[in-house]
Amino acid sequence: MDDALTTLKNSPFTCPWCKEQISPRDENCSKCGYPLKGTEHDQERFRIQREIYLQAKYAKRRKVYGGIFVLFLLMGICFICGIVGFFARDNYSVTWLPKVIVFLSAAVVLLPVSLFSRKKPVLCFIIGAIVIIAGAIAL
């Protein structure tokens with residue numbers, strides 16, 4: 001009988017929220033903080049706070065992905081302008097060359113900036129803005 005009770009006490013339990021293994025003596029889950037021994041009010045408050053946190057997190061993620069889309073869009077526009085500028089050039093003039101170089105260089109810079117922007121979005125958007133402004137000034 002004592003062996004069965006010891007085995008029951010030492011058997012792994014799981015958190016109802018995150019499914020992490022927990023000890024039966026824990027009051028809160030060590031991974032997510034769910035109040036295991038709290039009242040229903042405490043558990044409901046945890047669920048609501050967690051939902052608010054997740055909604056804010058997803059809203060921020062949507063903003064970042066919107067910014068990434070804008071950087072990719074600008075890169076594509078710069079690339080297309082560079083290609084069109086190259087093929088629409090006047091063979092008797094060399095004024096097309098700086099424009100093509102500026103547009104293609106901006107596209108080359110914006111590609112890695114766009115890919116890196118998930119980790120440091122504000123920095124990447126500032127770099128993207130600087131590249132676009134510098135390109136506009138160069139033209």
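Of all residues in the stretch 43-80, which are of a type in the set (Ser, Thr, Tyr) and over 20 Å from Cys15 (Cα atoms)?
Tyr58, Tyr65
Assuming Val94 fulfils every condition listed in (1) surrounded by fewer than 12 Cβ atoms within 10 Å (Cβ to Cβ); (2) at pLDDT 80 or above; (3) among the β-branched types (Val, Ile, Thr) apart from one, which condition is it?
(2)
Which of (1) at pLDDT 80 or above; (2) of a type outside the set (Gly, Ala, Ser); (3) more than 14 Å from Ile77 (Cβ to Cβ); (4) surrounded by 13 or more Cβ atoms within 10 Å (Cβ to Cβ) does Ile130 not meet, given it meets every other one?
Checking Ile130 against (1) at pLDDT 80 or above; (2) of a type outside the set (Gly, Ala, Ser); (3) more than 14 Å from Ile77 (Cβ to Cβ); (4) surrounded by 13 or more Cβ atoms within 10 Å (Cβ to Cβ), the one that fails is (4).
Would you tally the residues in the stretch 21-49 being among the aliphatic types (A, V, I, L, M) and either in contact with a Cys (Cβ under 7 Å, 6 or more places away or on another chain) or surrounded by 13 or more Cβ atoms within 10 Å (Cβ to Cβ) (or both)? Can you show your working first?
Pass one, the stretch 21-49, residues among the aliphatic types (A, V, I, L, M): 22, 36, 48.
Retained after the next criterion (residues that are either in contact with a Cys (Cβ under 7 Å, 6 or more places away or on another chain) or surrounded by 13 or more Cβ atoms within 10 Å (Cβ to Cβ) (or both)): 22, 36.
Qualifying residue count for the region: 2.
Please go through the stretch 106-126 and give me each residue that is within 20 Å of Lys60 (Cα to Cα) and surrounded by 12 or more Cβ atoms within 10 Å (Cβ to Cβ), ordered by number. Talk me through it step by step, then tell me what you get.
So in the stretch 106-126, the residues within 20 Å of Lys60 (Cα to Cα) come out as 113-126.
Hits for the stretch 106-126 are Val113, Ser114, Leu115, Phe116, Ser117, Arg118, Lys120, Pro121, Leu123, Cys124, Phe125, Ile126.
The values are calculated or read from the model by the stated rules, or taken from the named source; none is laboratory data. Just so we're clear, the structure is a prediction, and the values are computed from it rather than from any experiment. Positions of Cβ are generated from backbone atoms using ideal geometry, with glycine treated the same way; all protein chains shown enter the neighbour counts.
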